[in-house]
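Participant: Sharing a structure, written as structure tokens. Questions coming.
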Amino acid sequence: MAPKDLLQALVVVLAWGVNFVVIKVGLHGVPPMLLGALRFLLAAFPAVFFVRRPQVPWKWLIAYGATISFGQFALLFTAMYVGMPAGLASLVLQAQAFFTLGLAVLCLGERFRAQNVAGLLIAAAGLAVIGAQGGGAMTLLGFVLTLCASLSWATGNIVTKKIGNVDLVGLVVWASLVPPIPFALLSYGFEGPQQIADSLAHISAASVFAIAYLAFVATLVGYSLWGSLMTRYPASQVAPFSLLVPIIGLASAALLLDEKLTAPQIAGAVLVMSGLAVNVFGARIKQRLMPSSR
């Protein structure tokens, strides 16, 4: 991966890692379905009037918006609303890396090498160690919903690969037209008009900041850069970078929300980073350790 693309991946990791703390802040004043509707409404408008629609059939725009945008965040926001801690949410959501690789093999015929498998196994062990420390703070419902959100994200990654090389800013902006209506309908049905009215009437500056961050940084910037990487590199090379997101998520949650990091969580984080290193640099390390005989 070229250095500028590596930097691009790290920018996404940082933006998405802090994203979970921002979601918690937003959920303190706005219920989950309304938060989703506002996030994608702001991501779509007014940008849709200035950004040209990508040359993509509507079915793919709808598929992208339904999976990466609506499905993922309807499930994730609800999970965090019912008690999933921000740091652990950032961790469990990264199961998308494994779902993405599996779906890429099944749907796209991609292959991954021995170092990819080894790296993901090491990282999976790290995720398991951290996840086992959830204790009473991590509800079963929150865990299951977050896992389902990760599958929706992974499905969206495959949709991105199917779409191919297009204007990613245009794709994200126009696909953001899809989620507001189903989010609004769910908000009206489950949260009710009274809660919607109260939330909007008494919205705080912190909630406004959270919605703006989610719309512009996490959605427009994050998914445009991520989608660009997914279209230019194999999924097996891009997806594992997301395993760094829980490291940022756990650290920012500990710093800003006082979610304490335990010794096992730190050990698990080291395993995750080691797994990523094996996956990305495994072939180079193997060449150095086992030079071909002359």
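Participant: Determine whether region 49-59 contains at least one residue that is in contact with a helix residue (DSSP H, G or I) (Cβ under 9 Å, 6 or more places away or on another chain), assigned to a helix (DSSP H, G or I) and touching a residue at least 60 places away in the same chain (Cβ under 8 Å).
Facilitator: No: zero hits.
Participant: Looking only at region 99-127, which residues are in a helix (DSSP H, G or I) and either among the β-branched types (V, I, T) or open to solvent by 60 Å² or more (accessible area, probe 1.4 Å) (or both)?
Facilitator: Taking region 99-127 and keeping what is in a helix (DSSP H, G or I), we get 99-108, 114-127.
Of everything in region 99-127, those that are in a helix (DSSP H, G or I) and either among the β-branched types (V, I, T) or open to solvent by 60 Å² or more (accessible area, probe 1.4 Å) (or both) turn out to be F99, T100, V105, L106, C107, A114, V117, L121, I122.
Participant: Got a sec? Which of L10, L14, L34 is under 28 Å from S207 (Cβ atoms) and open to solvent by 60 Å² or more (accessible area, probe 1.4 Å)?
Facilitator: Values: L10 fails: under 28 Å from S207 (Cβ atoms); L34 fails: open to solvent by 60 Å² or more (accessible area, probe 1.4 Å).
On inspection, the qualifying residue turns out to be L14.
Participant: Would it be correct to say that G249 is touching a Ser or Thr at 6+ places or on another chain (Cβ under 6 Å), at pLDDT 85 or above, in a helix (DSSP H, G or I) and open to solvent by less than 80 Å² (accessible area, probe 1.4 Å)? Give the steps one after another, and end with the answer.
Facilitator: Details: touching a Ser or Thr at 6+ places or on another chain (Cβ under 6 Å): yes; at pLDDT 85 or above: yes; in a helix (DSSP H, G or I): yes; open to solvent by less than 80 Å² (accessible area, probe 1.4 Å): yes.
Yes, satisfied.
Participant: Still on this structure, please answer the following. Of the residues A124, A104, A128, A86, which is within 25 Å of V238 (Cβ to Cβ), at pLDDT below 95, among the hydrophobic types (A, V, I, L, M, F, W, C) and touching a Lys or Arg at 6+ places or on another chain (Cβ under 6 Å)? Give the steps one after another, and end with the answer.
Facilitator: Values: A124 fails: touching a Lys or Arg at 6+ places or on another chain (Cβ under 6 Å); A104 fails: touching a Lys or Arg at 6+ places or on another chain (Cβ under 6 Å); A128 fails: touching a Lys or Arg at 6+ places or on another chain (Cβ under 6 Å).
Matching residue, one of A124, A104, A128, A86: A86.
Participant: Pull up region 252-266, narrow it to residues that are open to solvent by less than 50 Å² (accessible area, probe 1.4 Å) and among the hydrophobic types (A, V, I, L, M, F, W, C), then point me to the one that is nearest to A210 (Cα to Cα).
Facilitator: Applying the filter and picking the extreme gives A253.
Participant: Working only within region 138-162, note down all residues that are open to solvent by less than 30 Å² (accessible area, probe 1.4 Å) and touching a Pro at 6+ places or on another chain (Cβ under 9 Å).
Facilitator: G142
Participant: Given the conditions (1) under 19 Å from the mean Cα position of the chain (by Cα); (2) crowded, with 21+ Cβ neighbours inside 10 Å; (3) farther than 29 Å from L121 by Cα, and given that A212 satisfies all but one, which numbered condition is not satisfied?
Facilitator: Unmet for A212, out of (1) under 19 Å from the mean Cα position of the chain (by Cα); (2) crowded, with 21+ Cβ neighbours inside 10 Å; (3) farther than 29 Å from L121 by Cα: (2).
Participant: Being under 18 Å from the mean Cα position of the chain (by Cα) and open to solvent by 10 Å² or more (accessible area, probe 1.4 Å) is the requirement here; does S199 meet it?
Facilitator: On the way: under 18 Å from the mean Cα position of the chain (by Cα): no; open to solvent by 10 Å² or more (accessible area, probe 1.4 Å): yes.
No: the conditions fail for S199.
Participant: If you don't mind, another one. Restrict the check to region 108-129 and report whether at least one residue is under 30 Å from L34 (Cβ atoms), of a type in the set (V, I, T) and in contact with a Leu (Cβ under 9 Å, 6 or more places away or on another chain).
Facilitator: Going through region 108-129, the residues under 30 Å from L34 (Cβ atoms) turn out to be none.
No, every residue in region 108-129 fails to be under 30 Å from L34 (Cβ atoms), of a type in the set (V, I, T) and in contact with a Leu (Cβ under 9 Å, 6 or more places away or on another chain).
Participant: Output the residues belonging to region 215-235 that are among the hydroxyl-bearing types (S, T, Y), under 16 Å from the mean Cα position of the chain (by Cα) and closer than 25 Å to V117 by Cα. Before the answer, list the steps.
Facilitator: Looking only at region 215-235, we keep the residues that are among the hydroxyl-bearing types (S, T, Y), and these are 219, 223-224, 228, 231, 233.
Still in the running and under 16 Å from the mean Cα position of the chain (by Cα): 219, 223-224, 228.
Residue satisfying the conditions is S228 alone.
Participant: So F183 ticks every box in (1) more than 30 Å from R111 (Cα to Cα); (2) of a type outside the set (A, V, I, L, M); (3) open to solvent by 10 Å² or more (accessible area, probe 1.4 Å) but one. Which box is left unticked?
Facilitator: Against the list (1) more than 30 Å from R111 (Cα to Cα); (2) of a type outside the set (A, V, I, L, M); (3) open to solvent by 10 Å² or more (accessible area, probe 1.4 Å), F183 comes up short only on (3).
The values are calculated or read from the model by the stated rules, or taken from the named source; none is laboratory data. From a predicted model like this one, the values you see are computed outputs, not experimental measurements. Note that each Cβ is placed from the backbone with ideal geometry, even for glycine, and that neighbours are counted across all protein chains shown. Side chains included, ligands, DNA and RNA excluded: accessible areas come from the protein's heavy atoms. Shrake-Rupley method; radii C 1.70, N 1.55, O 1.52, S 1.80 Å.
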